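Visitor: This structure is in structure tokens; I'll ask about it shortly.
The values are calculated or read from the model by the stated rules, or taken from the named source; none is laboratory data. Computed from a predicted model, the values in this text were never measured in an experiment. Because the Cβ atoms are built from the backbone with ideal geometry, glycine has one as well, and the counts that use them run over all protein chains shown. Areas reflect the complete protein model, heavy atoms only, side chains present, ligands, DNA and RNA absent. Shrake-Rupley method; radii C 1.70, N 1.55, O 1.52, S 1.80 Å.
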Amino acid sequence: MRTTISLTVLMLMSFVLSGCGRDPAATATPEADSLQALHNDSLIWLAKSTADKERAFYVIDSIERAGGIGPIRANYERGNVCRQLKEQRQSEDYWKTAVGTDIKGKAEERAYYKAVAYLANWLQAKHDFEGALRVAIPAVARMKQSGVASYTSIGIHMGDMGICHQKMNRNAEADRCFEESYDYMKKAVATDTSQYAIENALIILNNTTLFCMDARRYDKALHWSACVDSMLQAYRQNPNANQRVLALQEARRLNCLACILLGQGKKKEAEETFVRYQQSEAYQKGWHHAPGEYLIAAGRYAEAAGAYADIENEIAQRVGKPTLDIIQQYVFPKFRANAGAGYKDTAVAVGLRMVDALDSAIARQKKDEAAELSAIYETQEKDHQIAEQKAAISQQRLVTTSIVAAIVVLALVIFIFFRHRAAVRLENEHHKLLDAYDRLEETTTAKERIESELRIARDIQMSMVPKEFPQRDDLDMYASMVPAKEVGGDLYGYVLQDDKLYFCVGDVSGKGVPASLFMAQVTRLFRTLATQGMKPADICNRMNAALTEDNEQGMFVTLFLGLLDLQTGHLDYCNAGHNPPVIGGGEAAGEFMEMEPNAPIGLWPGLDYVGEEMATIKGRPLFIYTDGLNEAEDPQQQQYGDERLLATLQRTHYERARQVIDTLTAEIERHRAGAEPNDDLTMMCIHLKTTSAE
């Protein structure tokens, strides 16, 4: 009953407002303007709360026609109505219209910043980071000059811009935005006595730490974690500090810091930090309970499986049916944890539920998009009809006032004739529009399905290469792989049996999904044959025989395969068309190894691969890589080159295998200078240490 009365009052007030407008002769006062603005805000809020799109739009349209709000505020509010009804594409259209409208007055400027915030966040959620930046950059520039926006608002926008750059691998731009965001947050904390500024600053800084950590930029992540700690210490001095906020943000900092330290190889410090996180107030009270990521990274799969045990029930209680992003963010780690812990039955059950959930989420997404496209079409068709009606009325009035009565009949005939032609054209355009929307829906659905499948394929592919390496006092080994696209064709692997270490690095021809499938086959063959104790050349012969069979696509792989005796340092190896590794480095004066000219594997059947050997490589680091290293290009398409690679390794003082690879990774980033990678990049470094007796 109350809702019906409220809606009735709302409609009556909107009708009066739209019909009257302002009297130009009336004397306006600041108090009257303030009351009128408050009245308009109340009407819009009440309209949005009804969840009735038609009524809400009627109220917004009425207030706009009466001059109570401008077009930017009107389109911003229309976008919010659609957002509440989960019509995100229509929301995006209205917010884009608001952002693209000329700004007139402070009220419209404030509405413009709100529309920018919603639109940029939506585009970022869609992974359209370039689009989000195109919206945010001019808005932030205006914020800095106009004086309307607060330091906190500017800092939040700069932080979001940094995240977009980070997601696009523009590290230099990301760091600039993060630093500028931090400067504005410090200004906000210094000038705003409310707790709003510092609480937002803590959230933004923790988010910055998290995204740098996700990008494996551990040094930067450590820097921002220290900034969070500094701001937390200052906030603790405030007697009115929100203790829940303090506890929650401190827990977030500790959790991220533990993952960062683990990523840097500081396992002891990471474990101590993780214990502090588990002892924190927020963790104990359940305000922040997300240990799974650290536990998986630390290889503590059984504990991780326990942490994710109830995640599916929590998802069902909070959001009902999960979306694709939620499945990827929460259910995938549960599967990995149970698989890593060896809980085969549970892993299979989770995998089956995951497949069912993916199918359901994709079906729901298709249904929602189809309904949303239909709603967009109906709205656009209605707007088109209204525009046609207005044009017809204007034309009819002009004919009525300008043409004499004697030619009225003729005018009507002409009008009907052209109206008929317009109707025919409209019908044709209508069918064309339907076809266009059908094609758009199919294209959009296919594109998003492919992107989702490629993300899943990348996760599967990255799970096939080892992340942990032998922990022995006499052996230091590390490797990394970075695909140029969602999935790639590089590979590396090792098999350790007693004191015999088999290892390989390879590069499959081509890129994308075909290369990744061939890479998976090569990886499987290497692991199977290495466990049989064969020589590297014999393994290459067996792999070539298997891969040339029914190889209609002509795929092949260049491969360096070695067998290292960890007691004597003796190295048996076979190079199948791969780049020559570098032996030595730093004080050991590195040099390219001379190789037997074997062909790549998979090209021709019946080849007899020639193996080679070295008496010992003890004390001499062995560096193996793919051509994504020496052929990396800068913006002028100049390659990094073999000479620069060898010079870099010769001047790099060897400390650890990982340090060598991190040094080369940083060198390649500097050389690219922002250019997109043109090939996958894989590196492996092995150092068999000498004993004091040797």
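Visitor: Which FRET efficiency value, to the nearest 0.05, do you get for Glu591 and Ser463 by plugging their Cβ-Cβ distance into 1/(1 + (r/R0)^6) with R0 = 30 Å?
Guide: Details: r = 35 Å, r/R0 = 1.18.
Computed FRET efficiency for Glu591 and Ser463: 0.25.
Visitor: First measure r as the distance between the Cβ atoms of Glu676 and Ala290, then evaluate 1/(1 + (r/R0)^6) with R0 = 35 Å and state the FRET efficiency to the nearest 0.05.
Guide: Numbers: r = 33 Å, r/R0 = 0.94.
Once the sixth-power term is evaluated, E becomes 0.60.
Visitor: Still on this structure: When ligands, DNA and RNA are left out and all protein chains stay put, how many square angstrom of accessible area per residue does segment 535-694 have with a 1.4 Å probe? List each step's numbers first, then the result.
Guide: Working: 7440 Å² over 160 residues.
I get 46 Å² per residue for this part.
Visitor: Which shape class applies to segment 551-646: rounded if a/c is under 1.5, otherwise prolate when a/b exceeds b/c and oblate if not, where a ≥ b ≥ c are the square roots of the Cα gyration tensor eigenvalues?
Guide: Cα axes put segment 551-646 in the oblate bin.
Visitor: When you count, for each residue, the other Cβ atoms within 10 Å and take the mean per peptide, how do 574-583, 466-475 rank with the highest first? Don't skip to the answer; put the middle values down first.
Guide: Working: 574-583: 22.5, 466-475: 12.2.
Result, highest mean Cβ count within 10 Å first: 574-583, 466-475.
Visitor: Which whole-number percent is the relative contact order of segment 566-679 (Cα, under 8 Å, 6+ apart)? Please report the intermediate quantities before stating the final value.
Guide: On the way: 159 pairs, mean separation 34.5, N = 114.
Computed over segment 566-679, the figure is 30 percent.
Visitor: By average Cβ neighbour count within 10 Å, what is the ranking of 217-223, 232-238 from highest down? Mind showing how you got there, number by number?
Guide: Numbers: 217-223: 18.4, 232-238: 13.3.
With the highest mean Cβ count within 10 Å placed first, the list reads 217-223, 232-238.
Visitor: Also, I was wondering about something else. Quick check: pseudo-label points 7 Å beyond the Cα along Cα→Cβ at Met534 and Arg472, how many nm apart are they?
Guide: 2.3
Visitor: Cβ neighbours within 10 Å, averaged per peptide: list 271-280, 524-533 in order, most packed at the top.
Guide: Numbers: 271-280: 17.3, 524-533: 15.8.
Those peptides, ordered most packed to least, come out 271-280, 524-533.
Visitor: Whole-Hz Karplus ³J(HN,Hα) for segment 616-628, in order, using 6.51 cos²θ - 1.76 cosθ + 1.60 and θ = phi - 60°, x for Gly and Pro?
Guide: Once rounded to whole Hz, the list reads 6, 10, 4, x, 10, x, 10, 10, 10, 7, 9, 6, x.
Visitor: Further question on the same structure: Considering only protein heavy atoms and a 1.4 Å probe, what is the carbon-and-sulfur percentage of the accessible area of segment 134-214?
Guide: Its accessible area is 51 percent carbon and sulfur atoms.
Visitor: If you don't mind, there's one more thing I want to ask. Find how much the distance from Arg644 to Ala297 grows on full extension, using 0.36 nm per residue of separation minus their present alpha carbon separation; answer in nm with one decimal. Write down the numbers at each step before the final one.
Guide: Numbers: separation 347, 0.36 × 347 = 124.92 nm, distance 3.40 nm.
Length gained between Arg644 and Ala297: 121.5 nm.
Visitor: To the nearest 20 debye, what charge dipole does segment 594-653 have about its Cα centre, counting +1 at the Cβ of each Lys and Arg and -1 at the Cβ of each Asp and Glu? It would help to have the intermediate numbers written out before the result.
Guide: On the way: 4 positive and 11 negative charges, 79 e Å.
So the dipole magnitude of segment 594-653 works out to roughly 380 debye.
Visitor: If you roll a 1.4 Å probe over segment 555-694 with all protein chains in place, what percent of the accessible area is carbon or sulfur?
Guide: Details: 2920 of 6290 Å².
That share works out to 46 percent.
Visitor: Hey, got the dipole for segment 69-202? About the Cα centre, +1 on K and R Cβ, -1 on D and E Cβ, debye to the nearest 20? Let's see the in-between values first.
Guide: Numbers: 19 positive and 17 negative charges, 62 e Å.
Taking the Cα centre of segment 69-202 as origin, the dipole is about 300 debye.
Visitor: On a full-extension model of 0.36 nm per residue, what is the gain between Glu549 and Phe415, subtracting their alpha-carbon distance, rounded to one decimal in nm?
Guide: Extra length from Glu549 to Phe415 when fully extended: 40.8 nm.
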